[in-house]
1. Out of B:S377, B:S364, report the one residue that is out of contact with any helix residue (DSSP H, G or I) (no Cβ under 9 Å at 6 or more places or on another chain) and either facing chain A (nearest Cβ under 10 Å) or polar (S, T, N, Q) (or both).
2. On the given criteria, is B:T351 surrounded by fewer than 22 Cβ atoms within 10 Å (Cβ to Cβ) and at the interface with chain A (Cβ under 9 Å from one of its Cβ atoms)?
3. What are the pairs with Cβ atoms under 7 angstrom where one residue, in the range A:89-102, is part of a helix (DSSP H, G or I) and the other, located anywhere, is of a type in the set (V, I, T) and at pLDDT 80 or above? Sequence gap at least six, or different chains.
4. So, in the range B:267-287, of the ones that are β-branched (V, I, T) and out of contact with any strand residue (DSSP E or B) (no Cβ under 7 Å at 6 or more places or on another chain), which residue ends up nearest to the other protein chains (Cβ to nearest Cβ)?
5. So if I check each of A:I42, A:I25, which one is under 30 Å from A:R97 (Cα atoms) and within 14 Å of chain B (Cβ to nearest Cβ)?
6. Go through (1) modelled with pLDDT of 75 or more; (2) exposed (fewer than 12 other Cβ atoms within 10 Å of the Cβ) and name the single condition A:M310 misses.
7. For B:T409, state whether it is without any contact (Cβ under 8 Å) to a residue 12 or more places away in the chain and either away from every other protein chain (no Cβ under 11 Å) or outside any helix (DSSP H, G or I) (or both).
8. Does the range A:103-120 contain any residue that is within 17 Å of the chain's Cα centre (by Cα), crowded, with 24+ Cβ neighbours inside 10 Å and within 14 Å of chain B (Cβ to nearest Cβ)?
Amino acid sequence: MPPKNCAICNSARAILKRPKTGQLICKDCFFYVFETEVHNTILEAELFKPGDRVAIGASGGKDSTVLAHVMKTLNDRYNYGLELFLLSIDEGITGYRDDSLETVKRNQEQYDMPLKILSYDELYGWTMDAIVAQIGKKNNCTFCGVFRRQALDRGAAILDVDHIVTGHNADDIAETVLMNIMRGDIARLGRCTSICTQGEDTIKRSKPFKYAYEKEIVMYAYFKKLDYFSTECIYSPDAYRGHARAFLKDLEAARPSAIIDIIHSGEAFEIKEVVKATQKLQQTCKRCGYMSSNELCKACTLLEGLERGMANAGVTDRARKRMDAEGPAPENLRTIPFFQQPNGLRRTEIAIAYTPSS
Amino acid sequence: MSSCGNPATESDALMPRRPKFDKGKNCVKCKDAPGNIVIRHAVYCKACFFPLVAFKFRRALEPFVNPKPDGPRRTALKPAGNLLLGFSGGVGSTVLLDLVNRSYIVNQKAELRRDGGKDHPRHDKVWKRVIVCYVELGDALPRRKDKTAEIAEVVSHYEDVEFVPLRVQDAFDPSWWRRIYGDQALPQLRVSLENEELAAVLTNPPSTEPLGSLRSYLSSLPTPTAVASALQSLIRVLLLHTAVETKSSHLLLGTSLTSLAISLISGIGQGAGFNIEQEIQEEWVPDIQPASDSNGSEWLGGYQKGVRIIRPLRDVGLKECAFWAWWEKLQVVGEDRAGWPESRQDIGGLTKDFIMRLEKDYPSTVSTIVRTCAKLSPRGDVSGKCVLCERPAQEGVQEWKARISVRTTAQATDAVVLSSSSTPRTDDAAAAQLAPHLCYACHTTLTSRNARPPPPLFPSVSKESSVTLPAWVGPRMRRKVGEGEMKAAIQEFLLEE
């Protein structure tokens, strides 16, 4: 095939076919459109205001590595006036997180950003290795997902920021839309396409890569020579999400715009008002002070189950009832430290790139 | 077996096999007879199965028969018009026709009572006319068999049912359109599929080769998904206009629970999230006055209520439909899959395979999908009706697309200005942009490309730079608003003379 000129600048030689639009474009135009789309996303949702303290969470995987780079670039180019941080969670999975944390530490030096690493062991007294040793691989993603969400909020509180931005990409969001429809999770379906979520007293979270294709994130890392570790978790047998992901990849192969089309669909509908009225109100966990839809938050329920040797209590209603029937929690039960909101809930951002695992 | 294939490891990741039925082998309804069919873990005997399906059918249909939905009171069923049944030859529509026949045609005769005479109002049919419409796709795709004769034969088994066969190319036939709407059919729209704006021009006189126009239209679409979804949309709109022609107030489709779940997911995969409600149930109002109602009285009276599209089998799974057809010995002609032999699989086909596979492991999947989608409503404002699929279009679609996928070095805001400033002119010779008049899904159908172009549909039909659009697009791009329609819009503000 004879060389073609870039479909955007029409002068340089095209060297790639854009996964999102199918356009043949040059490297510089790819960087331009990729960064501009993220910038458009940030502007449209009014994510930041000057002076915000923005911690960029980092797993060391592709999303977080590219996110750290793009956030730094856009902050400098468009004078967002943000103070950027890095926040990492160490789940305690031997051979999985160790290497990727090295990438995060390198990012800390490259971008001159303060880094906080918070471990499950430090916070909950359990590593994922220990959890899997007790419960096996089935349902372990439930523990990891719930624990991570709370760990991020607590890390944000330690860094004294009150706004978390996750690095979910378009593929993650599209997959979540499909999965929530297929398993009837109406509450999550209603919020999974929101770029920013915040309750009355919760920490704000945003997703600047909401419209960025996973393939383009990899492409960006490749052309910018950013190195990262594969963060495919060794404990992730989440069969249902696996089905949804495989299906999404098939749809993308049939028509590349499918990913963005699913996100558009997700944004074009909402939960009917009559259904919303039946949803549980948010409250505060009586044990750890974290937001919860029940008396005890999910993390405290899961931890109590682990501590009392009834790990499934946090996973199924039946197991929960069985644990309740055994009597109240012993007084010396290990608990999660009480959650303190960051001072004054400043509107700051923490960008964290983790692939959702539950 | 574990994901690595070694049964010796990861035994804790194995899911225990669930039994096919939850309680016992006897029918859960009569508690007596041994079961013949398992429906989502519940066992039913053959005798209880038929009333169960008939009940689900009526429960989904009868509350919506009267113009103002008011509950399932059978005796008070008074629809505003006739009944049109969209028949594809598949198992769903075959069962639907059988159920309509049993419930509203045969039973009516059997239930005649001697007292009050045969003309007693009690003996009036619910539907004065029941019409079956079949849209033949044989000419649209290569190596397809024409099934019109087979379908006609199936329909002929039912008494008091009229048969209206159509061909999908009728959508491009000015004479078909003129038959319903008179001379308002005159302009046709040609559109260039070269770029996102979709430059369009009205042509007059219209093309008189509907088959050529159809094939050229389908051949110019960028993906097999687009071809499949364009055909589906053509069939749907053909049925809607046929409902107008036959003065039908209701259009019934044989979409089963399983097919509905598939079409919902497939629609979401193609960006039609705004139309989730219409995919389940739809009220469609024609905005062009039919020629037969030239005095406007019936137009303002009956048709303003529009056509109600109902899927009465929306609670009945494909398996139940298949059992009904099998036990009732119904002749099922069968539907061909979308696409053509050389093409890659389209999104609809992929979704069907995926859902059918998933349902084996998770039997509640289809009903969960449908129940979840029934809890959704469109978000945002409606900009109008999409000129291609005639469903509500969401406002700001082009601006959204320009912001999410930057295609030029100019800032996205420039792109937004470009698309929103392109208000089409209304004279015949005017060039206009079609994009602002389309819904997200139809715009995506016409513009979204794959890395590799699809194999040609027909070797003899080459891709053209501009193609003719279906007959209903042109008139809606330059529709003159009639006095009756104007009056209807401001009726509540007019004082009596």
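The values are calculated or read from the model by the stated rules, or taken from the named source; none is laboratory data. Fair warning: this is a prediction, and the values are worked out from it, not measured in the lab. All Cβ positions, even for glycine, are placed from backbone atoms using ideal geometry, and neighbour counts span all protein chains on display.
1. B:S364
2. Criteria not met by B:T351.
3. What qualifies is A:L101/A:I117.
4. Per the stated criteria, the residue is B:I268.
5. Working: A:I25 fails: under 30 Å from A:R97 (Cα atoms).
When all the criteria are applied, what remains is A:I42.
6. The one condition A:M310 does not meet is (2).
7. Yes; evaluated as a whole, the condition is true for this residue.
8. no
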